[in-house]
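All remarks here apply to the structure that follows.
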Amino acid sequence: MRRAVTALLVVVLGAGAAAAQTPRYSLLLKGGHVVDPKNGVDAVMDVAVANGKVAAVAPAIEAAQAERVVNVAGLYVVPGLIDLHAHVFIGTAPDSYLSNGDVGAHADSHAFRSGQTTIVDVGGPGWRNFDLFKTNIVARARTRVLAFLNIVGHGMSGGPYEQDLADMDPKLTAQRIRANKDVLVGVKVAHYQGAEWAPVTRAVEAGRQADVPVMIDFGGNDPPQSLDDLLNKHLRPGDIFTHVYAHVRGRTPIVNAQGQVEPFVLAARKRGVVFDVGHGGGSFLFRQAVPATKQGFYPDVISTDLHTGSMNSGMKDLLNVMSKMLDLGMPLQDTIRASTTKPAALVRRPDLGHLGVGAEADIAVLGLRKGDFAFVDSGGWRMPGTQKLECEMTVKGGQVMWDLNGRSHTLWSAQ
Ligand SMILES: [Zn+2]
């Protein structure tokens, strides 16, 4: 018996000695300025990763404890960015717009190079074609792809599909969401041109049944509907109004003819309605954004409305939209919160959008360049700016997915 105990001790001690030689962390980002709004961190800190999760955040973590050490001094280290409004349901169906058509963008071609680890497709699929979206897009992307299901069964297929009230079924929409909560995180309404409130009321009903938020792309209704009624009668706290700085046909802008943010918009924010940028190709006007931000009306969420139209015009990518907000006076910490912590909370993913110990090791390392830059809005106007964010590195689940200057690589040597 005594011999058996001794043997066991030797085994345990032996294992301990071996463990001491194995690095504790797979990756250590050293010396960066960590901005983690959820955990109240805004200071120079080291960030260590193990097993795909954040393992430690501290002022000085010993380099010897990590397999790979990356010097990120002079850069910001923030949670992996989350784009709450994008369109990535690409496919080959002819004339199918943002639902298995050719107007959306390829998730992995855009996400990592601009610091994003999660993209939310809003309204590409509906309950009828969600399985195709899951197979072709979600399962094949290295980017984490989540989605708001369109209240239209055929999704954002364009043309008459999006005008078909008979294809807007709250029960079937909610059922599909409840069965796929790992991917489906909300309900979307967009592009309806009729006078009826049915698309909105049915989407909110689906959201209620599935216990998820609703995102509304409002406007184009003929005759126009009341924005006050939408924000204060139909939407619930936590529901999202996108394209906040747009002024499109058939939609009341948030800044009125007197240059003031409408009091009913302020009232809606007070009751918890969420305001999202959703820049897009036609939904961000300095004419709206400048007076609104001067009056302190900054967005709750910063998102792109990524598609082939927006990415090649004033929008470009999420970092460009965040830079635009920075140059409009939004503090850096708030732009980070609006593209990490806030969207993660809205889609109820507490493992995302922050760098607390145990969170997914989704991390963006950003440079903040100072110089002479300019930004363009959807009306074609140009605005000079002095700050621009640039993506230096993106880490997802502990894996380096983008590394602009090869910081995580070993220096080449002729030997
Ligand atoms: Zn959109």
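The values are calculated or read from the model by the stated rules, or taken from the named source; none is laboratory data. It should be emphasised that the depicted structure is a prediction, and the values quoted were computed from it without experimental measurement. Cβ atoms come from the backbone with ideal geometry, glycine included; neighbour counts cover every protein chain shown. Side chains are part of the model used for accessible areas, which takes the heavy atoms of the whole protein and leaves out ligands, DNA and RNA. Shrake-Rupley method; radii C 1.70, N 1.55, O 1.52, S 1.80 Å.
Some observations on this one:
- Each DSSP beta bridge with both residues in the chain is either parallel or antiparallel, and the antiparallel ones are about 55%.
- Gained length - residue 56 relative to residue 411, 0.36 nm times residue gap less alpha-carbon distance: 125.2 nm
- Span-rule helices in the chain, defined as complete DSSP H runs reaching 24 Å or more along the axis (Cα) with Kyte mean at least -0.5: 2-21
- Were the residues from residue 374 through residue 260 laid out at 0.36 nm apart, the gain over their Cα-Cα distance would be 38.5 nm.
- All lysines inside 28 Å of residue 134 as judged from Cα atoms, apart from same-chain residues fewer than 8 positions distant: 53, 171, 181, 188, 316, 342, 396
- Computing Rg and the Kirkwood Rh from the Cα coordinates of the range 281-415 gives a ratio, Rg/Rh, of 1.02.
- Global geometry of the range 53-130, whether rounded, prolate or oblate, following the gyration tensor of its Cα atoms and the 1.5 cut on a/c: prolate
- Computed with a 1.4 Å probe over protein heavy atoms only, the accessible surface of the range 142-275 comes to 38 Å² per residue.
- From phi via Karplus (6.51, -1.76, 1.60), per-residue ³J(HN,Hα) for the range 247-256 in Hz, x at Gly/Pro: 9, 10, 4, x, 9, 5, x, 6, 9, 7
- Local electrostatic count, residue 133, Cβ distance below 12 Å [Lys/Arg +1, Asp/Glu -1]: +2
- Under 13 Å from the Cα of residue 388 - aspartates and glutamates, other chains or at least 8 residues apart: 317, 327, 372
- Residues whose amide H lies under 5 Å from that of residue 26, counting only those 5 or more places away or on a different chain, are 49, 50, 51, 67; hydrogens are built 1.01 Å from N in the peptide plane.
- Charged side chains reduced to their Cβ positions (Lys and Arg at +1, Asp and Glu at -1) give the chain a dipole of some 1060 debye around its Cα centre.
- Taking the range 340-412 and dividing mean pair separation by its residue count, relative contact order in percent (alpha carbons under 8 Å, at least six apart): 24 percent
- Loop-resident sites, the range 225-333, for trypsin sites (Lys or Arg not before Pro), counting at most 14 other Cβ within 10 Å (DSSP): 249, 271
- Candidates 255, 301, 204, ranked by Gaussian network fluctuation over the chain, Cα under 10 Å, top entry: 255
- Of 252, 386, 117, 92, the order by accessible heavy-atom surface (1.4 Å probe, DNA, RNA and ligands excluded), from most exposed downward, is 92, 386, 252, 117.
- Here the range 90-113 is scanned for amide nitrogen atoms under 18 Å from the site 7 Å beyond the Cα of residue 349 along Cα-to-Cβ, giving 90, 105-113.
- The Rg/Rh ratio of the chain, with Rg taken over Cα atoms and Rh as the Kirkwood radius over Cα pairs, comes to 1.04.
- Sequence-ordered 3J(HN,Hα) estimates for the range 29-34 from the Karplus curve with 6.51, -1.76 and 1.60 and θ = phi - 60° stand at 9, 10, x, x, 8, 7 Hz, glycine and proline given as x.
- Mean Cα-pair separation over length for the range 117-200, i.e. relative contact order, pairs under 8 Å, 6 or more apart, %: 33 percent
- In the range 83-184, the trypsin sites (Lys or Arg not before Pro) that fall in loop regions by DSSP, at most 14 other Cβ within 10 Å: 140, 142, 181
- Charge dipole of the range 205-338 (Cα centre as origin; +1 on each Lys and Arg Cβ, -1 on each Asp and Glu Cβ, all else neutral): 280 debye, rounded to the nearest 20.
- Residue 178/residue 132 FRET efficiency (R0 30 Å; Cβ-Cβ; nearest 0.05): 0.95
- Each residue of the range 181-192 is assigned a 3J(HN,Hα), and the resulting list reads 5, 5, 10, 8, 10, x, 10, 10, 10, 7, 6, 6 Hz, derived from the Karplus form 6.51 cos²θ - 1.76 cosθ + 1.60 (θ = phi - 60°), x at Gly and Pro.
- Residue-normalised accessible area of the range 306-415, expressed per residue, 1.4 Å probe, Å²: 45 Å²
- Coil-residue chymotrypsin sites (Phe, Trp or Tyr not before Pro) of the range 326-397, DSSP, other Cβ within 10 Å capped at 16: 381
- Full-extension gain in nm, residue 109 to residue 44, via 0.36 nm per residue minus C-alpha separation: 20.3 nm
- Amide H contacts of residue 186 (H built 1.01 Å from N, under 5 Å, at least 5 apart or other chain): 149
- Within the accessible area of the chain (1.4 Å probe), percent carbon and sulfur: 54 percent
- Amide hydrogen proximity for residue 146: with H placed 1.01 Å from N in the peptide plane, the residues at 5 or more positions away or on another chain lying under 5 Å are 119, 120, 121.
- For the chain, with +1 on Lys and Arg beta carbons and -1 on Asp and Glu, the positive-most of 408, 226, 258 along the dipole: 408
- Listed residues 159, 314, 123, most fluctuating in the chain (Gaussian network, C-alpha, under 10 Å): 159
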